[in-house]
Amino acid sequence: MTDTEVRALILTQGGALFRDMPWRQDISAYSVLVSEIMLQQTQVERVRVKYDEFMKKFPTIIQLAEASLADVLKVWQGLGYNRRAKYLHETAKIVTKYHAGSIPNTYDELIHLPGIGPNTAGAICAYAYNHPAIFIETNIRTVLIHHCFADKITVDDKQIKLKLEQLIDRQHPREFYWALMDYGSWLKQSGVKNNQRSKHYKKQTPLKGSVREVRGHIIRELVTSPLSFGQLRKQCDKKDGRFEIAFAQLLDEKLIQDTGKIVHLTK
């Protein structure tokens, strides 16, 4: 297929498969920022419910910045990867302090904010500001590998980015990426499983039996109330060495604090 044909296919198929999401109704930079951080390593349907709850609690980036990290983590429960909540909170404080509450609209500024990598920065540029930024995630890889690299055993993201440069609708990048994402999601649900052919694809490690599982357990316990170290260990320690690692990580990342008498979420 030619690039023109692939672009037309993406726009037609993706348009027909359009998924109505709250962050597509509200395309403000704050809405897009929150949704993109939540969507990192989390399925859309899990994010939908939590996004609504989060936006009701913190309707503006200034209100998010003024909240305590403990309050943010309480609302975040159920999404996992709690570092994302901390990064989002830190970004809100930086934007409020140094950008008068206005989220930057350039890739170079966004990339320096906590928790915002190249793909999240590109997504914010495209969805919030309608800039023709180039970024990649699994649905995008699915579509382009399927239609543009069908004869390749392995595909590098550099190749995908070059192809995206040729395919993107520069007049309507927001709608182009919506179509690309929705078509990619549909392809995966239809049985197209080609992301393993990407050199950059990383399969998510199982939660069960991981340090991440214990990290989440610790945060859930402290969301309810502060505990002594002994109480927390009794609730969360599986006697397999994971508790010590998880506790040390959370302290180091300043998600929790240990006063010597009690352990609590960072305020």
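The values are calculated or read from the model by the stated rules, or taken from the named source; none is laboratory data. Keep in mind the model is a prediction, meaning the values are calculated, not measured. We place every Cβ from the backbone using ideal geometry, glycine too, and count neighbours over all the protein chains shown. Protein only, heavy atoms only, side chains kept; ligands, DNA and RNA dropped before computing areas. Shrake-Rupley method; radii C 1.70, N 1.55, O 1.52, S 1.80 Å.
Taking the range 197-217, which residues are at pLDDT 85 or above and farther than 25 Å from Lys86 by Cβ?
Arg197, Ser198, listed by residue number.
Among (1) out of contact with any Leu (no Cβ under 7 Å at 6 or more places or on another chain); (2) without any contact (Cβ under 8 Å) to a residue 12 or more places away in the chain; (3) surrounded by 14 or more Cβ atoms within 10 Å (Cβ to Cβ); (4) not basic (Lys, Arg), which single condition is Leu180 missing?
(2)
Looking for something within 15 Å of Thr266 (Cα to Cα), among the aliphatic types (A, V, I, L, M) and modelled with pLDDT of 95 or more - is there at least one such residue anywhere in the range 89-103?
No, because not a single residue in the range 89-103 is within 15 Å of Thr266 (Cα to Cα), among the aliphatic types (A, V, I, L, M) and modelled with pLDDT of 95 or more.
Looking at the range 164-172, is at least one residue more than 30 Å from Asn139 (Cα to Cα), in contact (Cβ under 8 Å) with a residue 24 or more places away in the chain and in contact with a helix residue (DSSP H, G or I) (Cβ under 8 Å, 6 or more places away or on another chain)?
No, the range 164-172 contains no residue that is more than 30 Å from Asn139 (Cα to Cα), in contact (Cβ under 8 Å) with a residue 24 or more places away in the chain and in contact with a helix residue (DSSP H, G or I) (Cβ under 8 Å, 6 or more places away or on another chain).
Of a type outside the set (Phe, Trp, Tyr) and either assigned to a loop (DSSP other than H, G, I, E, B) or surrounded by 18 or more Cβ atoms within 10 Å (Cβ to Cβ) (or both): which single residue out of Thr12, Thr4, Thr42 fits that description?
Sole residue among the options that is of a type outside the set (Phe, Trp, Tyr) and either assigned to a loop (DSSP other than H, G, I, E, B) or surrounded by 18 or more Cβ atoms within 10 Å (Cβ to Cβ) (or both): Thr42.
Only one of these is open to solvent by 70 Å² or more (accessible area, probe 1.4 Å) and either within 25 Å of Tyr87 (Cβ to Cβ) or of a type in the set (Phe, Trp, Tyr) (or both): Glu244, Glu221, Glu253. Name it.
The conditions single out Glu244.
Rundown of residues vs (1) over 22 Å from the mean Cα position of the chain (by Cα); (2) part of a loop (DSSP other than H, G, I, E, B); (3) not charged (D, E, K, R), yes/no style:
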{"site": "Gln171", "(1), (2), (3)": "yes, yes, yes"}
{"site": "Phe176", "(1), (2), (3)": "no, no, yes"}
{"site": "Tyr183", "(1), (2), (3)": "no, no, yes"}
{"site": "Gly191", "(1), (2), (3)": "yes, yes, yes"}
{"site": "Gln204", "(1), (2), (3)": "no, yes, yes"}
{"site": "Leu207", "(1), (2), (3)": "no, yes, yes"}
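Do you know which residues across the range 47-106 are open to solvent by 70 Å² or more (accessible area, probe 1.4 Å) and of a type in the set (Val, Ile, Thr)?
Val49, Ile62
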